[in-house]
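For reference, the structure is listed below as structure tokens.
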Amino acid sequence: MATNPVAGFTCQANGENTPGPLSGSGRHRSESETDTGSTLKSFARLCSRDEQERAAALEELSQEVLTGLGPGRTRSARLSKQTLLHLLRLSRSCPLQEVRGRATELLRTAQEQGVEVPRALSSGPSTFIPAKLILKEVSHQDILIESFLSLGRVDHITMVMALHSDYLSCLLKTQHALFELDGPLPRHWRHYIAIMAAARHHCSYLVQQHSAGFLDAGGEESWLNSLEHAPTKLRSLQTLNKLLAHRPWLITQQHIQELVFPGADPRWSLAELIHAVILMAHAHSLCSFVWGCGINPEPDHTGGYTFRPPSPTHLPHSPHSPHSPAHEDGRQELGDGAMEVEVLMKRMVELQQQQEEEECTQEEMVTRFERERSESIPTALVRGTPPDLLLHLVEDPEFRYEDFAPRGEQSPPTMRAQDYSWEDHGFSLVNRLLPDMGQLLDEKFQVVSDLTYHRIAMHEGVDTHTLRKALWNYIHCLYGIRYDDYDYASVNVLLERSLKVFVKTMACHPEQTTARIYNAFWRHFRHSEKVHANLIVMEARLQAALLYTLRAITHYMR
């Protein structure tokens, strides 16, 4: 998600091994491909909140582009690649209709004048969700205009999250504070920490995006070529980074002491460390969303565009392509999906009645938790080690997620929420070390926890609290966190196996998420409901990782 105004063009497809410099920033462009200062200013002024200034900037941009197309210009000097990519992005995703329309016209004019213009490789923000559906749902929302005016772009993550604008608003505020506002870490360090975190989940989309932010903030490009070029202090986060990403329950007081102890070299202050931890956990969880929603590369980023004309044999996606939850078996699958909804509705009612009538002993509650956390939910290894393009940013790439409690093996002690929770412990520690961040995170957790539209698939007026809570607690269960007052039998009743496969894959090793896994669960539900599930997984995972690290910091401070 964009965090800096009109950043360099750096994102690429998830996990694709695309040739070229990692940053994709165009820092090595030839002189003939360097945008004039006036053109860049015109692009920047399109983000003005003053309508008259925007209109003037649009006219200036048009004149500059048309002048570049005029006679007497050599083919290579007519329009730079970056100008063309700017126009492509605006034509695809700018929420201001007059800007979007003018950018489209300028690209068409350039093509008519013999200029090779780029075209986007994807039809929309997500591989899993039809572009028309997203545009229909979110195109009218003011939050997209605000995002464009603040950041200079509306990226694909923002467009998909706009299906739930209340949550998106909280996330944008939190992200702005993490990367832009005053804090203990320099801005370019913040982006580099996010790069290291995203690389662990093979998430080229976020790596490339934060590479742009890193360079915009004055970072040295050599750091993007190898971890070895980064400062020792940043590299010292690698152990904590891999544990946070894959097995946060292994984080101990010793890991914190090695970084902040007065004799540590280099030494992190507690404020710096908590900032870095939240940045890493934020990036890890956002990787879950990127992979879980099938986010496509941006149209102006490597892997998101091409200058080659479309193949004559290129066909658009059919209505029953994997973009649709009910895509393979036609009416039969739709019928099965509808039956699944009815079964879920019935189970929710029965569960509520049962909980009102039945009282479980504490021993039985613990047994049900243990049964749930040790359940075998296999996930396929679709992607192994990170692609070559990211490998130089990952230390110990073979270190991956392993079940908290593998069947038949000794597991680490369970974290009881009553002993260490966000509400009673984590919130105050974060606010103490990084003022206001605890409040921002708490608001985000609360919004995603309470988010409901009182509907399930084709049913309206439904109380979805038990289903949302089952999702949240199941993810914490995977991470070894137990709530004494929660009956984990509810998880098995409400979450069918295909949903568990999706949730576990997305929360624990998101880089293994595929369209087949996304399409297999909740086949009759709206895509917005699946995105809602993604948000719950993302935030529950974030909170779980933070709790283990904050507990270790608390133990160190005693």
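Taking the Cα centre as origin and putting +1 on Lys and Arg beta-carbons and -1 on Asp and Glu beta-carbons, what dipole magnitude results for the stretch 425-509, to the nearest 20 debye?
360
Give the peptides 233-246, 459-472, 81-94 in descending order of average Cβ contacts within 10 Å, highest first.
Put in order of decreasing packing, that is 81-94, 233-246, 459-472.
Rounded to whole Å, give me the distance from the Cα center of the stretch 211-228 to that of the stretch 412-436.
33
Work out the length of the dipole vector of the stretch 338-557 about its Cα centre, built from +1 on the beta-carbon of each Lys and Arg and -1 on the beta-carbon of each Asp and Glu, and round it to the nearest 20 debye.
760
If we sort 257-265, 538-546 on the protection proxy, mean other Cβ atoms within 10 Å, highest first, what's the order?
Ranked from most to least packed, the peptides come out as 538-546, 257-265.
Over the stretch 338-557, what percent of the accessible surface lies on carbon and sulfur atoms, probe 1.4 Å?
49
Could you state the accessible area per residue of the stretch 106-202 in Å², with a 1.4 Å probe and every protein chain left in place?
It amounts to 37 Å² per residue over the stretch 106-202.
Hey, which of these cross-link pairs are over 29 Å Cα-Cα: LYS233/LYS469; LYS41/LYS136; LYS444/LYS530?
The pairs that break the limit, which is 29 Å between Cα atoms, are LYS233/LYS469; LYS41/LYS136.
Could you check the simple spin-label distance between SER123 and LEU40, using points 7 Å along Cα→Cβ, in nm with one decimal?
Spacing of the two 7 Å Cα→Cβ label points: 3.7 nm.
Need one number: nm distance between label points at MET458 and LYS136, each 7 Å from Cα along Cα→Cβ, rounded to one decimal.
1.6
Arrange the peptides 436-445, 498-507 so that the one whose residues have, on average, the most other Cβ atoms within 10 Å appears first.
Result, highest mean first: 498-507, 436-445.
Measuring from centroid to centroid over Cα atoms, what is the spacing of the stretch 518-545 and the stretch 112-170 in Å?
Each part reduced to its Cα centre gives a spacing of 20 Å.
Can you tell me how much longer the chain between GLU112 and ARG235 gets when fully stretched, taken as 0.36 nm per residue apart minus their C-alpha distance, in nm with one decimal?
Between GLU112 and ARG235, full extension yields 39.2 nm more.
Note the full-extension length gain between ASP166 and THR367 as 0.36 nm times their separation in residues minus their Cα-Cα distance, in nm to one decimal.
Going from the current span to full extension adds 68.6 nm.
What is the calculated FRET efficiency for LEU451 to ARG416, with r their C-beta to C-beta distance and R₀ = 25 Å, to the nearest 0.05?
0.40
Just name one of ILE517, ALA552, PHE404: the one whose Cα is farthest towards the positive end of the charge dipole of the stretch 338-557 (beta-carbon charges, Lys/Arg +1, Asp/Glu -1).
Projecting each Cα onto the dipole axis, the largest value belongs to ILE517.
Would you mind counting up the charge near PHE179? Only other residues with Cβ under 9 Å from its Cβ, with Lys and Arg at +1 and Asp and Glu at -1.
+1
Could you tell me the calculated FRET efficiency between HIS425 and GLU359, based on Cβ-Cβ distance and R0 = 45 angstrom, to the nearest 0.05?
So the FRET efficiency works out to roughly 0.95.
So between GLU395 and GLN352, what do we pick up on full extension, going 0.36 nm a residue minus the alpha carbon distance?
Value of the extension gain: 10.7 nm.
Any idea how far apart LEU181 and ALA55 come out in nm if each label point goes 7 Å out from Cα toward Cβ?
Output for this residue pair reads 3.6 nm.
Between ASP265 and ASN225, take the C-beta separation as r, use R0 = 25 Å, and let me know the FRET efficiency to the nearest 0.05.
Rounded to the nearest 0.05, the efficiency is 0.50.
The values are calculated or read from the model by the stated rules, or taken from the named source; none is laboratory data. No experiment lies behind these values; they were computed from the predicted model shown. Positions of Cβ are generated from backbone atoms using ideal geometry, with glycine treated the same way; all protein chains shown enter the neighbour counts. Side chains included, ligands, DNA and RNA excluded: accessible areas come from the protein's heavy atoms. Shrake-Rupley method; radii C 1.70, N 1.55, O 1.52, S 1.80 Å.
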